[in-house]
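Reviewing the structure listed below.
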Amino acid sequence: MLHKKSARELEDYLLANQEYIYRLAYSYVKNPEDALDLVQESIIKAISSAELLKDPQGMKSWVYRIVVNTALDFLRKQKRTVVVDQETLNSYTESVAGVDDYSDLDLAKAIEELTPTDRTRVVLRYYEDLKIEEVAFILKENVNTTKSRLYGTLKKLRLQMEEPIDVQSLQEV
């Protein structure tokens, strides 16, 4: 059974970070109601399996892993495509102080074209500011695998962002 102090820490964490958990869920399903359902299901899973949390210091990545897995299970059941839209990217870029602004449309489009797993790596590492080790834990990957795949994804993004603009099509508009 989970120690009362640890159970209270989990409850406090979930309450304090509900907005971040919601945004993560929303980034997968693009629907407020579905995102709320995912958050609720994730919280139930976290509380019911809280005794599996060995290290309270890893609570954030443990909870994010539950949310990601719940979202991916939902999408597999729904057979939907995951797309990150500009609204979601903007919601990820809002810092606690509200001063960050990364509303680069080319970047949003490039991230939108990534596979769900590659997109997850980028979002967790750069928008949620998780460590590589935490991203690896969430995705159930080896740390070196996560690093190499993340850097490969960043290389793909860089190449997509550097594609030359078709001047002909711009003139037609």
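The values are calculated or read from the model by the stated rules, or taken from the named source; none is laboratory data. Bear in mind that the values here come from a model prediction, so they are computed numbers and not experimental data. Reconstructed Cβ throughout: ideal geometry from the backbone, glycine too, with neighbour counts over all protein chains shown. Side chains are part of the model used for accessible areas, which takes the heavy atoms of the whole protein and leaves out ligands, DNA and RNA. Shrake-Rupley method; radii C 1.70, N 1.55, O 1.52, S 1.80 Å.
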In the list Ile132, Ile138, which residue meets the criterion of being touching a residue at least 12 places away in the same chain (Cβ under 8 Å) and over 22 Å from Val29 (Cβ atoms)?
-> Ile132
Turns out the helices (runs of 4 or more DSSP H) fully within segment 1-53 with at least 1 residues that are farther than 21 Å from Leu72 by Cα are 4-16
Members of segment 54-81 that are among the basic types (Lys, Arg), free of Cβ contacts under 8 Å to residues at least 24 places away in the same chain and assigned to a helix (DSSP H, G or I) | Arg76, Lys77
Of all the helices (runs of 4 or more DSSP H) wholly in segment 95-143, which have at least 1 residues that are at pLDDT 80 or above and open to solvent by 20 Å² or more (accessible area, probe 1.4 Å)?
-> 116-122, 132-139
Looking at segment 16-55, which of the residues that are of a type in the set (Phe, Trp, Tyr) and touching a helix residue (DSSP H, G or I) at 6+ places or on another chain (Cβ under 6 Å) is least open to solvent (accessible area, probe 1.4 Å)?
-> Tyr28
